1. Tally time: how many residues in segment 47-71 are open to solvent by 90 Å² or more (accessible area, probe 1.4 Å), not aromatic (Phe, Trp, Tyr) and not in a strand (DSSP E or B)?
2. Could you give every pair whose Cβ atoms fall below 9 Å, whose first residue belongs to segment 21-36 and is of a type in the set (D, E, K, R), and whose second residue is open to solvent by less than 70 Å² (accessible area, probe 1.4 Å) and part of a helix (DSSP H, G or I), counting only separations of at least 6 or pairs across chains?
3. Are there strands (runs of 3 or more DSSP E) fully within segment 87-171 with at least 2 residues that are more than 17 Å from Ala33 (Cα to Cα) and modelled with pLDDT of 80 or more? List them.
4. Checking the conditions here, which among Asn77, Asn86 is free of Cβ contacts under 8 Å to residues at least 60 places away in the same chain and in contact with a helix residue (DSSP H, G or I) (Cβ under 7 Å, 6 or more places away or on another chain)?
5. When you look at Glu80, is it modelled with pLDDT of 90 or more and either more than 24 Å from Ser139 (Cβ to Cβ) or in a loop (DSSP other than H, G, I, E, B) (or both), yes or no?
6. Within segment 60-70, is there a residue that is more than 20 Å from Ala135 (Cα to Cα), more than 17 Å from the chain's Cα centre (by Cα) and hydrophobic (A, V, I, L, M, F, W, C)?
Amino acid sequence: MTLQLPQNTNFLNPQNFKLVLKRAPLLEFFAIAVRLPDLMLMSVDIGTQFVPIKTTETHVSYSQMTVQFLVDEQLNNYNEIYDWINRRGFPVDYNQYRSISSQKQESGRWLDSDISVLVENSNHKAVGEFTLIDAHPTSLSGIQLNTTDNDIRPASATVVFDFTRLTFDQL
């Protein structure tokens, strides 16, 4: 029996990725970390008069996707997500509702948006694309401000996305 060696033995560099999000282009630029969602097919026991038989559910489920980003000094990228979450919640007044409902989905300013994460190889060539269909933010972290730090570190925040479906294409 001959051992089959892989053609490429390079490991995936977790720093080589690109976030593509039409609905929030500033988040796209300042993203520093992405936690791609888990893919799960739950196990189910089918009862018998003897030993239960293990099988799987018929629907795949996913965990949420988390994106950490650096906050720009004008808070513009933070506001993109803050606004998006508030628009998905109940509008405060009719004018806010009208501004939401008048936007077309194709404009990228709708309540849901597809998100792509392009994974790149060591030559910075895209080798895989994860696409979250109909994604929307469900959580936006606060921003840590601290006057006692000796080193100036940029402020960051984390946004959590939920979505309908996940696709993966190997490029």
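The values are calculated or read from the model by the stated rules, or taken from the named source; none is laboratory data. No experiment lies behind these values; they were computed from the predicted model shown. All Cβ positions, even for glycine, are placed from backbone atoms using ideal geometry, and neighbour counts span all protein chains on display. Accessible surface is based on the protein model in full, side chains and every heavy atom, while ligands, DNA and RNA are left aside. Shrake-Rupley method; radii C 1.70, N 1.55, O 1.52, S 1.80 Å.
1. Filtering segment 47-71 for residues open to solvent by 90 Å² or more (accessible area, probe 1.4 Å) gives 49-51, 53-54, 58-59.
Imposing the further condition that a residue be not aromatic (Phe, Trp, Tyr) reduces the set to 49, 51, 53-54, 58-59.
Applying the additional criterion that residues be not in a strand (DSSP E or B) yields 49, 51, 58-59.
Counting residues in segment 47-71 that are open to solvent by 90 Å² or more (accessible area, probe 1.4 Å), not aromatic (Phe, Trp, Tyr) and not in a strand (DSSP E or B) gives 4.
2. Lys22/Glu28; Lys22/Ser107; Arg23/Glu80; Arg23/Trp84; Glu28/Asn77
3. Numbers: elements: 113-120, 126-140, 156-162, 165-170.
In segment 87-171, 113-120, 126-140, 165-170 are the strands (runs of 3 or more DSSP E) which contain 2 or more residues that are more than 17 Å from Ala33 (Cα to Cα) and modelled with pLDDT of 80 or more.
4. Details: Asn86 fails: in contact with a helix residue (DSSP H, G or I) (Cβ under 7 Å, 6 or more places away or on another chain).
That would be Asn77, the only listed residue that is free of Cβ contacts under 8 Å to residues at least 60 places away in the same chain and in contact with a helix residue (DSSP H, G or I) (Cβ under 7 Å, 6 or more places away or on another chain).
5. Numbers: modelled with pLDDT of 90 or more: yes; either more than 24 Å from Ser139 (Cβ to Cβ) or in a loop (DSSP other than H, G, I, E, B) (or both): no.
Considered against the rule, which asks whether it is modelled with pLDDT of 90 or more and either more than 24 Å from Ser139 (Cβ to Cβ) or in a loop (DSSP other than H, G, I, E, B) (or both), Glu80 comes out as no.
6. Step one: list which residues in segment 60-70 are more than 20 Å from Ala135 (Cα to Cα), which gives 70.
Right, trim to more than 17 Å from the chain's Cα centre (by Cα) and you get none.
Scanning segment 60-70 turns up no residue that is more than 20 Å from Ala135 (Cα to Cα), more than 17 Å from the chain's Cα centre (by Cα) and hydrophobic (A, V, I, L, M, F, W, C).
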